[in-house]
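Structure, as structure tokens:
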Amino acid sequence: MKPRVIFEDENLLVLDKPFSWVVNEAGTTGSTPVVQTWLKENFDYSLAGSRDERSGIVHRLDKDTSGILIVAKNLDSFRNLQLQFEERKVKKKYIALAHGRIDQKAGEVKVPVGRLPWNRERFGVLPGGRDSQTSYKVISYYQKGINYYTLVELEPRTGRTHQIRIHLKYLGYPIVADSFYAGRKTARKDRDFCPRLFLHAKEITFLHPVSGKNVRIRSELPDDLNKTLDLLEKLP
């Protein structure tokens, strides 16, 4: 599966990124498909071949997270959108399936996060780390055997690496099939019914860099994640 264009004009591309695609080129990607390379090979806008501006990719998504990704076609739009992200004017919403039943229907997580000194590949809640904030609300509950799950919508106010995954683990409800933060053993069992990390960037709202008008883009839950929900019993 390749990225899908869900919005385009002379200044912007908005993509629906599949899971398992890396966003930016790097020496460690190997044979993994890369969005930046795909843009360079398939589009001809002014920033497509720009290494410094990452082909106009304004922000990032984890490799195993699917969903909305904004690409600027020119330098002015790129800088405008970057500034909106820096000033936290961009609103993003994600959907995740978490282990357990989150009884508090809505809430907020505010904790410092950073790279773990004892495992440089992982991030976590860390005293002295960078501030991070995510609000959430419960959508619905599910059950499979003796196990309960919560479908939850999340809105990160900051953009730290693995932020949503860390915050749900901190609450005690790690995301289904998250080998980093739910644990490898749990993630392996999850893959009996869920093929990959159940985290999807479902909506983004920002100001158009030229017109200044409010733009809201949505992405439907992918088929593989919908099929996962179909395998569970939805609770009233």
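Centroid-to-centroid, using Cα positions, region 35-93 and region 166-199 are 28 Å apart. Just check the chain against the gyration tensor rule for me: Cα atoms, a ≥ b ≥ c as the square roots of the eigenvalues, rounded for a/c under 1.5, and otherwise prolate or oblate depending on whether a/b exceeds b/c. It comes out prolate by the Cα gyration axes. Extending 7 Å from Cα along the Cβ direction at Glu25 and again at Ala106 yields two label points whose distance is 4.5 nm.
Amide hydrogen proximity for Ser66: with H placed 1.01 Å from N in the peptide plane, the residues at 5 or more positions away or on another chain lying under 5 Å are Leu199, Ala201. Each Cα pair under 8 Å and six or more residues apart adds its sequence gap; the mean of these over the residue count of the chain is a relative contact order of 18 percent.
The order of the peptides 120-128, 148-156 by mean Cβ neighbours within 10 Å, most packed first, is 148-156, 120-128.
Taking θ as phi - 60° and the Karplus parameters 6.51, -1.76 and 1.60, the scalar couplings of region 67-73 work out to x, 6, 9, 9, 10, 8, 8 Hz in sequence order, x denoting glycine and proline. The simple spin-label model puts a point 7 Å past each Cα toward its Cβ; for Leu75 and Phe193 those points are separated by 5.3 nm. Pairs from the table (Lys89/Lys144; Lys2/Lys227; Lys93/Lys144; Lys110/Lys227) lying more than 30 angstrom apart at Cα are Lys89/Lys144; Lys110/Lys227. If R0 is 45 Å, the Cβ-Cβ spacing of Lys144 and Gln82 corresponds to a FRET efficiency of close to 0.60.
Taken about its Cα centre, the chain carries a charge dipole of roughly 760 debye when the Cβ of each Lys and Arg holds +1 and the Cβ of each Asp and Glu holds -1.
Throughout, read-outs are computed from the coordinates displayed, never taken from laboratory work. These numbers were taken from a predicted model, which means no experiment stands behind them. Cβ atoms come from the backbone with ideal geometry, glycine included; neighbour counts cover every protein chain shown.
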